[in-house]
Amino acid sequence: MNRSLIIAPQWIGDAVMSQPLVAALAARGETLSVAALPWVSPVYRAMPEVAEVIDLPFAHGRLDLKARRALGQAWRGRFEHAYVLPNSLKSALLPWFARIPHRVGYHGEGRYLLLNDRRSAPVEQRPPMVAFYRALAGDGAAAPAMADPVMHLPSGRVAAALQAHGLQAGAYWALAPGAEYGPAKCWPATHYAELARTLHADSGQPVVLLGSGKEAALAEDIARQAGAGCLVLAGKTSLDAAMALIAGARGLVSNDSGLMHVGAAFGLPQVAVFGSTSPEHTPPLNARAEVIWLKEALKLDCAPCFERVCPLGHTRCLTEVAPERVRRALWARVDAGMPQSSR
């Protein structure tokens, strides 16, 4: 048997960026189970290489030592390998309690005894995350070379999600205006509203606003400013449904966020607006994606600052990205190109 357990990261984008690792392990014959927190597990259900997804019952940010011990002990004898993607101590406890013989992960947080195949972290502080995770597979001859993340949803699931909201495949736009990390990653609501208004005017097609419950008020504000044509679904769908709605969209505009990576993994035409973070660290790995980042154009020595709130108070890296530039970039990524009236 060649059964493996993957301990998943806790963020949606990181989960998407682990797909090349998943593909590499599956390609060399490992049967994969992924243990993930419930808000991340739908990402792994969209990876055909994963045989089983286990929803972890732990609270975000808590050690839950007793529960981890009990669950790990229940898994004894199930797995030969474990790949621990997060760098925290608590993430390495389950494979230790399960007594999995081969436990792989990076050095970090006093995990010397918990992992027996410890890898040295890259020298650079913020390495490209896809390569960071993919390196845990090692250099096995059967593993494919580095590739971009790819996910797949059955057509029936996409069709059901669209039908539930009266949408047709390829006949609406998706906007994801939020970012869990903080406002220094978020393109202004006024800009999203202008973009939504012009996309609707260009095409006559609705604009769907997606995100978590925390972003519902933001989405409502954008829809109010944009006027007709917006459908606010932020906070009103599960992640499964949001992923299906992204997969069926004509194009996507977002900040650097988890839903940006979802769109990239579905190969969607997309534009990603970067502010405080760097596309060298977490880019949308998609041949149909365009990144807009004003670090060089504005000669912003402060970028990337990786702060949640702009420390200088101006957020020029975001406010100076014009909606018209994003609109034109998105149309250029869509097969039909710019509408005739806008050329």
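The values are calculated or read from the model by the stated rules, or taken from the named source; none is laboratory data. Keep in mind the model is a prediction, meaning the values are calculated, not measured. Don't worry about glycine lacking a Cβ; one is built from the backbone with ideal geometry, like all the others, and counts go over all protein chains shown. Just the protein is used for accessible areas: all its heavy atoms, side chains included, with ligands, DNA and RNA removed. Shrake-Rupley method; radii C 1.70, N 1.55, O 1.52, S 1.80 Å.
Rg over Rh of segment 156-311, using C-alpha atoms and the Kirkwood radius, what does it come to? Before the final figure, lay out the partial values.
Numbers: Rg = 14.9 Å, Rh = 15.6 Å.
Reported Rg/Rh (Cα atoms, Kirkwood Rh): 0.96.
List the aspartates and glutamates whose alpha-carbon lies under 14 Å from that of LYS236, not counting same-chain residues fewer than 8 positions away?
Filter leaves GLU215, GLU220.
Using amide H atoms built in the peptide plane, which far-off residues or other-chain residues are under 5 Å from GLY275 H to H?
Residues meeting the amide H criterion: ASP256.
For the chain, max minus min Cα coordinate along each principal axis, in Å, sorted largest first?
Result, largest extent first: 63, 47, 39 Å.
Could you order the peptides 37-43, 85-91 from most to least packed, using the average number of other C-beta atoms within 10 Å per residue?
Details: 37-43: 20.7, 85-91: 18.1.
Per-residue Cβ counts within 10 Å, averaged per peptide and sorted highest first, yield 37-43, 85-91.
If the cut-off is a Cα-Cα distance under 26 Å, which lysines reach LYS66, setting aside same-chain residues fewer than 8 apart in sequence?
In chain and number order, the partners are LYS90.
Of all the Cα-Cα pairs you can form in segment 145-208, what percent are over 18 Å apart?
I get 57 percent for the Cα pairs in segment 145-208 exceeding 18 Å.
Output the direction-averaged projected area (hull surface divided by four) of the convex hull of the alpha-carbon atoms of segment 24-143, in nm². Working shown, then result.
Numbers: hull surface 30.9 nm².
If I average the Cα hull's projected area over directions, I get 7.7 nm².
Please give the charge dipole size of the chain, origin at the Cα centre, charges +1 on K and R Cβ atoms and -1 on D and E Cβ atoms. Round to the nearest 20 debye.
On the way: 34 positive and 28 negative charges, 136 e Å.
The calculated dipole for the chain is roughly 660 debye.
Cβ neighbours within 10 Å, averaged per peptide: list 324-335, 300-311, 61-72, 261-272 in order, most packed at the top. Write down the numbers at each step before the final one.
Details: 324-335: 17.4, 300-311: 15.1, 61-72: 13.6, 261-272: 26.2.
The densest-packed peptide leads the list: 261-272, 324-335, 300-311, 61-72.
Heavy-atom accessible area of THR315 with all protein chains present, probe 1.4 Å, nearest 10 Å²?
30
Determine which lysines satisfy two conditions relative to LYS299: a Cα distance under 24 Å, and not lying fewer than 8 residues away in the same chain.
LYS185
How big is D, in µm² s⁻¹, for segment 270-337 by Stokes-Einstein at 37 °C and 0.692 mPa s if Rh is the Kirkwood radius over C-alpha pairs? Walk me through the numbers on the way to the answer.
Details: Rh = 12.8 Å.
For these conditions, the coefficient is 257 µm²/s.
Please grab the % of Cα pairs in segment 71-207 that end up more than 22 Å from each other. Kindly include the intermediate steps, with their values, before the conclusion.
Working: 5908 of 9316 pairs.
Beyond 22 Å sits 63 percent of the P(r) for segment 71-207.
Suppose the chain between ARG69 and GLN125 were pulled fully straight at 0.36 nm per residue; how much longer would it get relative to their current alpha carbon spacing? Please list the in-between numbers first.
Numbers: separation 56, 0.36 × 56 = 20.16 nm, distance 3.20 nm.
17.0 nm is the gain from fully extending ARG69 to GLN125.
Quick one: grab Rg to one decimal and Dmax as a whole number for segment 1-83, Cα atoms only, in Å.
12.6, 35
What order do you get for 24-30, 49-55 when each peptide is scored by the mean count of other beta carbon atoms within 10 Å, highest first? Please report the intermediate quantities before stating the final value.
Details: 24-30: 19.1, 49-55: 16.7.
The peptides rank, most packed first, as 24-30, 49-55.
Of all beta bridges DSSP finds with both residues in segment 221-312, what is the antiparallel percent, to the nearest 5? Present the calculation step by step, with values, prior to reporting the outcome.
Values: 0 of 8 bridges.
About 0 percent, rounded to the nearest 5.
What are the residues whose amide H is under 5 Å from the amide H of LEU56, where those residues sit 5 or more places off or on another chain and H is modelled from the backbone?
Amide H to amide H, under 5 Å and 5 or more residues apart or across chains, LEU56 pairs with ALA36, LEU37.
Tell me which of VAL291, LEU25, ASN116 sits at the most positive position along the dipole axis of the chain, charges placed on C-beta atoms (Lys, Arg +1; Asp, Glu -1).
The residue sitting farthest along the positive end of the dipole is ASN116.
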